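Here the structure comes first, spelled out in structure tokens, and everything after it is commentary.
The values are calculated or read from the model by the stated rules, or taken from the named source; none is laboratory data. Computed from a prediction, not measured in an experiment: that's the story for all the values here. Ideal geometry is used to build each Cβ from the backbone, glycine not excepted, and the neighbour counts take in all protein chains shown. Quick note on the areas: whole protein, heavy atoms, side chains included, nothing else; ligands and nucleic acids left out. Shrake-Rupley method; radii C 1.70, N 1.55, O 1.52, S 1.80 Å.
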Amino acid sequence: MATRSQTAALLLAGALALAACGGGGGAQAPAAQSGGKTLVIDTSFDLKTADPGRTYEPTGLIVGKATYETLLTFEGSDVTKPVPALAESYELSKDGKVLTLKLKQGATFADGSPVTADDVVFSLTRVRDMKGSPSFLLDGVEIEKTDDTTVTMTSEKPNAALPYILPNPALGILNSDVVKENGGTADAQDKAEQYLNANSAGSGPYEIETFDVSSQVVLKANGNYHGEKPAYEKVVIRNVESATQKLNVQRGDSQVALNLSGDQVTGMPDNLQVKKSASANVFFLLANQNPEISEVTTNPKFVEAVRKGVDYAGLLELAGEGAARAPGVIPSQILGALPEGEAVQRDVEGAKAALAESGLSDPTVKLEYPTELTVNGLSFQPLAERIQANLKEVGITVDLQPAPVTTALDNYRNGKEEMGLWYWGPDYPDPNIYLAFLPGQLVGERAGWKAGADEKLEQLGEKAGAAVGDAARTEAYQEVQRELNASGPFVPLIQPSQNIVAADSVTGVEYHPVWQIDVADLGAK
């Protein structure tokens, strides 16, 4: 199972870009000109590079989606079915190990040269072997040119997730000749990043005009784009803290604001549209299963009491309109998610009964969480306080232990938290990344849940990881989650709301779990 190579990035990258985390107003840019030629988007930057092979930060994925194309993509915000992009078709072998892609003919790079199978092999091999942040996406995958129009990708193990991984903008296809001329190689010796931070070598609808990781990115329409021309000739993406984002979009200095909380989008004027939807981030509680850490949280009846004692409806109220319950660890947008009707309901009397059966008398536990970290505009503190009050009704005393994110992350990563309040965002929209919650896996280890702790669940995980086909995979991953809810140390809570505010003149506004927003899909009335 592929997992994020940089743990801190997993917890910080999505959250800091989606939170009200400042950075000043950034450089100013003109509002939409007559004819809708320029679009201004305000966001809170989490941006390091424009090199797709090194990109894994949220703002970078917005830029990458606009400037490069991938073999497969998703239609709108639907991540349940990959669709053709630079590949006109794809087929996964019955054993799930070989993915065969037929390339679309007529696709061209920004310089007018054709996109070839050689470009595909170079680009994907480069991502895998440079060992940058997104390299884990292709761990154990061999990429080969079968003929001029066919590429095969062979995995060591069944890898039904691969079609869902390929739409990630980090796997954008580069003009290999141009990149090689500018220091590019398909290994760790690559030196093309500086060039790619100032120039586009892709086939996407936009090219980079200017790129500054701290202030703004300006994109211009690709005159050689082989697909439908974008509505805006220029797109300006600015680094703006959330309070200023709100002011800018209200007075027309920008047309899109990506990082406003539920409170901030309340009462917007009629000339603005507010898109509210559940994000793909899932808040959850963990109860440590290492007896050296706690003799309380290792008691399965204690975990049952917590699960039944949380007021999930109250947490939704805190999160605001657009948030949703999390019936399992897999969010609603992704294949294998549990139906909303299977979400655990609060049962105070049942929680009290479970606590009585545990044999624990008036237990006290420490709940750790990061202080300055916010996710989709939602901070951890009010959630922790609400959970504390909920469990007090059951007979559990919760000692809140907020900590700076670096301290909290260290304890979380090293499995030292008695109880923890965290969130998980998908590295890619496929259920196999959520096998990380099983015993002996990444998140399981953080909860002190060692391999062999639950053989039934681990066998279900192996079955799910090897499953091929949507129906079989959906059934297998739902079975994993049901068992995880019944016997695991995790309590899925909510999916916070993702809010996008845009001028009424902008069409096609949709939140996407991977790249937040597709600027090429935005139109003008």
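For this structure, a couple of remarks:
- If you look at the Cα atoms of segment 481-521, you get an Rg and a Dmax of 17.0, 50 Å.
- Highest mean first, the peptides 282-290, 87-95 sorted by other C-beta atoms within 10 Å per residue fall in the order 282-290, 87-95.
- For Arg325, the residues whose amide H sits under 5 Å from its own are Gln495, ignoring neighbours fewer than 5 places away on the same chain, with H placed 1.01 Å from N.
- Calculated accessible area for segment 432-524 comes out at 32 Å² per residue, all protein chains present (probe 1.4 Å; ligands, DNA, RNA ignored).
- Per-residue [θ]222 nm for the chain (sum of -39500 (n - 2.57) over DSSP H runs n ≥ 4, rounded to 500): -8000 deg cm²/dmol
- Scoring 198-207, 101-110 by mean Cβ neighbours within 10 Å over their residues and listing the highest first yields 198-207, 101-110.
- Prolate/oblate/rounded call for the chain, Cα gyration tensor, a/c under 1.5 rounded: oblate
- The chain, relative contact order in percent, only Cα pairs under 8 angstrom and at least six apart counted: 21
- Sorted largest first, the spans of the alpha carbon positions of segment 90-231 along the three principal axes are 45, 32, 26 Å.
- Burial order of peptide ranges 309-319, 186-196, 418-428 (average beta-carbon count within 10 Å, highest first): 418-428, 309-319, 186-196
- Taking a ≥ b ≥ c as the square roots of the eigenvalues of the Cα gyration tensor, an a/c ratio below 1.5 marks segment 54-148 as rounded.
- Å³ per residue enclosed by the Cα convex hull of segment 307-389: 125
- Percent of Cα-Cα distances greater than 21 Å, calculated over segment 214-280: 40
- GluC sites (Glu not before Pro) within segment 139-187: DSSP coil, no more than 13 neighbouring Cβ in 10 Å: Glu156
- When the solvent-accessible area of the chain is split by element, carbon and sulfur atoms take up 46 percent of it, the probe being 1.4 Å.
- Theoretical gain in end-to-end length, Asp95 to Asn182 [0.36 nm per residue, Cα-Cα removed]: 27.4 nm
- Amide H contacts of Gly523 (H built 1.01 Å from N, in plane; Pro and chain starts excluded): Thr507, Gly508 sit under 5 Å, all sequence-distant by 5 or more or on other chains.
- Once the Cα gyration tensor of segment 250-343 is diagonalised, semi-axes √(5λ) in Å: 36, 15, 13
- For Ala403, net neighbour charge (Lys/Arg +1, Asp/Glu -1) across residues whose Cβ lies under 14 Å away: -3
- For a modelled paramagnetic label at Glu475, 7 Å from Cα along Cα-to-Cβ, the residues of segment 419-448 in reach, with backbone nitrogen under 19 Å, are 431-432.
- Long-range amide H partners of Val115 with built H, under 5 Å: Ala107, Thr108, Phe109
- Within the same chain, lysines fewer than 8 places from Lys102 are excluded, and of the rest, those with a Cα less than 25 Å from its Cα are Lys65, Lys81, Lys94, Lys145, Lys157, Lys180, Lys229.
- Those lysines that a straight Cα-Cα span of less than 18 Å connects to Lys366, excepting residues fewer than 8 apart in one chain: Lys301, Lys392, Lys416
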